[in-house]
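Chemist: After the structure tokens below, expect a handful of questions from me.
Each value in this text was obtained by applying a stated rule to the coordinates, not by laboratory testing. All figures in this text were calculated on a predicted structure; none of them were measured in a lab. Note that each Cβ is placed from the backbone with ideal geometry, even for glycine, and that neighbours are counted across all protein chains shown.
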Amino acid sequence: MTRERLLKRLDQAWGDLTQSYAGLSDAELLEPGVTGAWSVRDIIAHVTWWEEEALTHLPLILAGGRPPRYSVTYGGIAAFNATRTEQRKGLSLAAVLRQRDEVHRRLIALIEGAPEAQLEGETRFRRRLRLDAYGHYPKHARAIRRWRELRSPARG
């Protein structure tokens, strides 16, 4: 896959995610129950911290290193997510949205500067990027759409 195709795939998945919550009011973005107790705001924060993980670990991968295992470092991915949820629960919606935009811009810049060889084929770089970013977004976009459908009045 070329850099251009990878960036396009990332942009399409990102666009689908942001479209899933487009038009919601601030109150709706803060309403719990989208995924478990999480609100759309919580999901946005969640997606952002996984992009931050990519920004932390992709340079390590490029340097030939291996990121720590979540099972060893945090007691698993669920425990990692719970820790991050607790750390970010006090952030305002505005802060979460600012962080979302800034982190996503940094991720795109990292991809734009990555060696072409890391973007072609099934490299560890590409696998990590898929898991933390464009392969991760659709799950949450589907959950938000499902929540929106369930809470909207029946159309007839």
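Chemist: Need the full-extension length gain, residue 27 to residue 117, defined as separation in residues times 0.36 nm minus the C-alpha distance. One decimal, nm.
Modeler: Numbers: separation 90, 0.36 × 90 = 32.40 nm, distance 4.47 nm.
That pair, residue 27 and residue 117, stretches by 27.9 nm at full extension.
Chemist: Hydropathy first: keep DSSP H helices in the chain averaging at least 0.0 on Kyte-Doolittle, then drop any whose Cα extent along the axis falls short of 18 Å, and list what survives. Show your work: numbers first, answer last.
Modeler: Details: long enough: 3-20 (26 Å, -1.15); 40-62 (33 Å, 0.48); 93-113 (30 Å, 0.11); 137-151 (21 Å, -1.67).
TM-like helix candidates: 40-62, 93-113.
Chemist: Non-local amide H neighbours of residue 38 (under 5 Å, H modeled in plane, Pro and chain starts lacking H): which ones?
Modeler: Amide H neighbours of residue 38, under 5 Å, 5+ apart: 33.
Chemist: Under the 0.36 nm per residue contour assumption, what length would be gained going from the current alpha-carbon distance of residue 127 and residue 150 to full extension?
Modeler: Length difference between fully extended and current span is 4.9 nm.
Chemist: Taking the stretch 29-77 as the region of interest, what is the percent of Cα-Cα pairs per 5 angstrom bin, listed from the shortest bin to the one with the maximum distance?
Modeler: Using 5 Å bins, I get a P(r) of 5, 19, 16, 20, 16, 12, 8, 4, 1 for the stretch 29-77.
Chemist: Would you mind getting me the FRET efficiency between residue 105 and residue 9? Use the beta-carbon distance for r and R0 = 22 Å, nearest 0.05.
Modeler: On the way: r = 17 Å, r/R0 = 0.78.
It comes to 0.80.
Chemist: Right, something else. When the helices in the chain are scored as -39500 (n - 2.57) per DSSP H run of 4 or longer and the sum is shared across all residues, what 222 nm value do you end up with, to the nearest 500 deg cm²/dmol?
Modeler: -22000 deg cm²/dmol
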